[in-house]
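Taken together, the values in this text are just the output of simple stated rules run on the coordinates, not laboratory data. Keep in mind it's a predicted model, so treat the numbers as computed, not measured. Counting neighbours? That spans all protein chains shown, and the Cβs are built from the backbone with ideal geometry, glycine included.
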Amino acid sequence: MNPPSLRRVSGRRLQLGPDSDGLSSGGFSFIVMADPQLGLLERYIEKRSEPYHWDRDLHSVDRAIAVINQISPKPTFVIGCGDLVDGQPGHKYREYQTRDLLGSFSLLDRSIQLISLPGNHDIGDSPSRSDLADYRGTWGDDYYSFETHGVDFLVLNSQLLWNDSNCRDERVKFDSWFQSEVTRMKHSTHQIKIAFQHIPFFIAQPDEEDDYFNIPLKHRIFYLRALYEAGVRYVFTGHLHRNVCTTWIPPDCRPDSEPLHLVSSSSVSVQLGPDKSGIRLVCVSPDSGLRHIYYSLDQLETMLAKGEQPQVST
């Protein structure tokens, strides 16, 4: 299955276009779609016995694609922010869940680019080289960079930070690439710089204890600081299946310094909190900078049925 919009990145660099030295005058938008995770509902939430089905998970993705296609002006891209399917590498349902998700993604308007990054269910909690190869064979590179509309983007594989015990050589390659990218970004003329990854660095406090839902403390501050010093001010993530927004400023900076915004979007399908299935709309413009809002699918369908378009308030 080859969705027309899917960009399978190779060589760690995506040519998305258009690009310029400055933010384009009209601005642009993109969509963060987190954790489709086909199969999670019956396996984990409802705790059913096998065989598992994922028709309801898939229906949420279909609804999301339908509303994205109706947004005007069209978003430049949609990023699947990890945990694309529930079945980890080697799981018997993985192939079928992936096939069905690609089928849904095939419905995305051809003018909207589709990119992705891996979550722990896509490459395993402690990925091996073969797990990474499995992901890359379907979705393309697991980390890469790109520029569009005068904005600089990094797409990171957070699982390499969470547990690299089975792929130390891949972690070394990632770190080398990461250092070269943040060095490049320090000298970039782009005013807005954004990163994406699956697992958030932290949820509430930068020194919180390690757990399933954050990046280990031994790596956390190093990467936060590297991104901050490179000029990144937004990191969009998933993983939590609920909406969480927080900020971070290096301890040695003035308290009124511009913070790094850490924005975790809830799942397009299954929720672990009070939110509803939805997507995050991010708008970038010269006048207003970066603005974002999470819309439930119910909200978007109601709005579009009335002939209204989703807005992000200043």
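May I ask you to list the residues in the stretch 254-286 that are in contact (Cβ under 8 Å) with a residue 12 or more places away in the chain and over 21 Å from residue 213 (Cα atoms)?
So in the stretch 254-286, the residues in contact (Cβ under 8 Å) with a residue 12 or more places away in the chain come out as 258-286.
Selection gives 258, 259, 281, 282, 283, 284, 285, 286.
Looking only at residues in the stretch 153-170 that are in contact with a Phe, Trp or Tyr (Cβ under 8 Å, 6 or more places away or on another chain) and closer than 16 Å to residue 121 by Cβ, which one is surrounded by the fewest Cβ atoms within 10 Å (Cβ to Cβ)?
Selected residue: 160.
For residues that are part of a loop (DSSP other than H, G, I, E, B) and in contact with a strand residue (DSSP E or B) (Cβ under 9 Å, 6 or more places away or on another chain), scanning just the stretch 37-69, find the one that is surrounded by the most Cβ atoms within 10 Å (Cβ to Cβ).
Step one: of the stretch 37-69, the residues part of a loop (DSSP other than H, G, I, E, B) are 37, 39, 46-54.
With the extra rule that they be in contact with a strand residue (DSSP E or B) (Cβ under 9 Å, 6 or more places away or on another chain), the set shrinks to 37, 39, 54.
Numbers: 37: 29, 39: 25, 54: 26.
The selected residue is 37.
Please enumerate the residues belonging to the stretch 217-229 that are in contact (Cβ under 8 Å) with a residue 12 or more places away in the chain and farther than 20 Å from residue 81 by Cβ. Reasoning before the result, please.
Keep residues of the stretch 217-229 that are in contact (Cβ under 8 Å) with a residue 12 or more places away in the chain, which gives 219-221, 223-229.
Of everything in the stretch 217-229, those that are in contact (Cβ under 8 Å) with a residue 12 or more places away in the chain and farther than 20 Å from residue 81 by Cβ turn out to be 221, 225, 226, 228, 229.
Evaluate the following for residue 309: is it among the polar types (S, T, N, Q) and under 22 Å from residue 149 (Cβ atoms)? Before the answer, list the steps.
On the way: among the polar types (S, T, N, Q): yes; under 22 Å from residue 149 (Cβ atoms): yes.
In short, yes.
For the stretch 250-269: of the residues being in contact with a Phe, Trp or Tyr (Cβ under 7 Å, 6 or more places away or on another chain) and of a type in the set (S, T, N, Q), which is surrounded by the most Cβ atoms within 10 Å (Cβ to Cβ)?
Going residue by residue through the stretch 250-269, those that are in contact with a Phe, Trp or Tyr (Cβ under 7 Å, 6 or more places away or on another chain) are 250, 259-263, 265-266.
Checking which are of a type in the set (S, T, N, Q) leaves us with 265-266.
Numbers: 265: 28, 266: 26.
The selected residue is 265.
Could you please find all residues in the stretch 257-272 being assigned to a loop (DSSP other than H, G, I, E, B) and either touching a Pro at 6+ places or on another chain (Cβ under 7 Å) or within 25 Å of residue 183 (Cα to Cα) (or both)?
Filtering the stretch 257-272 for residues assigned to a loop (DSSP other than H, G, I, E, B) gives 257-259, 265-266, 268-272.
Across the stretch 257-272, the qualifying residues are 257, 258, 259, 268, 269.
Output the number of residues of the stretch 35-81 satisfying the condition of being of a type in the set (A, V, I, L, M, F, W, C) and within 12 Å of residue 281 (Cα to Cα).
Applying the first criterion (of a type in the set (A, V, I, L, M, F, W, C)) to the stretch 35-81 yields 38, 40-41, 45, 54, 58, 61, 64-68, 71, 77-79, 81.
Cutting the leftovers down to within 12 Å of residue 281 (Cα to Cα) gives us 64, 67-68, 71, 77-79.
Summing the residues that are of a type in the set (A, V, I, L, M, F, W, C) and within 12 Å of residue 281 (Cα to Cα) in the stretch 35-81 gives 7.
Please verify whether the stretch 226-243 includes one or more residues that are assigned to a loop (DSSP other than H, G, I, E, B), over 22 Å from residue 293 (Cα atoms) and either out of contact with any strand residue (DSSP E or B) (no Cβ under 9 Å at 6 or more places or on another chain) or of a type in the set (S, T, N, Q) (or both).
Scanning the stretch 226-243 turns up no residue that is assigned to a loop (DSSP other than H, G, I, E, B), over 22 Å from residue 293 (Cα atoms) and either out of contact with any strand residue (DSSP E or B) (no Cβ under 9 Å at 6 or more places or on another chain) or of a type in the set (S, T, N, Q) (or both).
So residue 301 ticks every box in (1) touching a residue at least 12 places away in the same chain (Cβ under 8 Å); (2) outside any strand (DSSP E or B); (3) within 21 Å of residue 76 (Cβ to Cβ) but one. Which box is left unticked?
For residue 301, the failing item is (3).
Please give the number of the condition residue 276 fails out of (1) touching a helix residue (DSSP H, G or I) at 6+ places or on another chain (Cβ under 8 Å); (2) in a loop (DSSP other than H, G, I, E, B); (3) more than 18 Å from residue 299 (Cβ to Cβ).
With (1) touching a helix residue (DSSP H, G or I) at 6+ places or on another chain (Cβ under 8 Å); (2) in a loop (DSSP other than H, G, I, E, B); (3) more than 18 Å from residue 299 (Cβ to Cβ) applied to residue 276, the lone miss is (3).
Return the only residue of 72, 29 being surrounded by fewer than 21 Cβ atoms within 10 Å (Cβ to Cβ) and part of a loop (DSSP other than H, G, I, E, B). Write out each step before concluding.
Working: 29 fails: part of a loop (DSSP other than H, G, I, E, B).
Exactly one residue qualifies, and that residue is 72.
Residue 52 passes all but one of (1) touching a His at 6+ places or on another chain (Cβ under 7 Å); (2) under 23 Å from residue 273 (Cβ atoms); (3) not charged (D, E, K, R); which number fails?
Evaluating residue 52 over (1) touching a His at 6+ places or on another chain (Cβ under 7 Å); (2) under 23 Å from residue 273 (Cβ atoms); (3) not charged (D, E, K, R) leaves (1) as the failure.
If you scan the stretch 142-158, which residues turn out to be under 14 Å from residue 77 (Cβ atoms) and of a type in the set (A, V, I, L, M, F, W, C)?
146, 151, 153, 155
Within the stretch 81-95, restricting attention to residues that are touching a helix residue (DSSP H, G or I) at 6+ places or on another chain (Cβ under 7 Å) and part of a loop (DSSP other than H, G, I, E, B), which residue is farthest from residue 278 (Cα to Cα)?
Of all residues in the stretch 81-95, those touching a helix residue (DSSP H, G or I) at 6+ places or on another chain (Cβ under 7 Å) come to 82-89.
Right, trim to part of a loop (DSSP other than H, G, I, E, B) and you get 82-84, 86-89.
Numbers: 82: 15, 83: 15, 84: 15, 86: 18, 87: 22, 88: 23, 89: 26 Å.
For the stretch 81-95, the residue satisfying everything is 89.
Residue by residue through the stretch 134-151, note down the ones that are part of a strand (DSSP E or B) and either over 14 Å from residue 192 (Cα atoms) or in contact with a helix residue (DSSP H, G or I) (Cβ under 6 Å, 6 or more places away or on another chain) (or both). Before the answer, list the steps.
Residues of the stretch 134-151 part of a strand (DSSP E or B): 140, 144-148, 151.
Scanning the stretch 134-151 gives 140, 144, 145.
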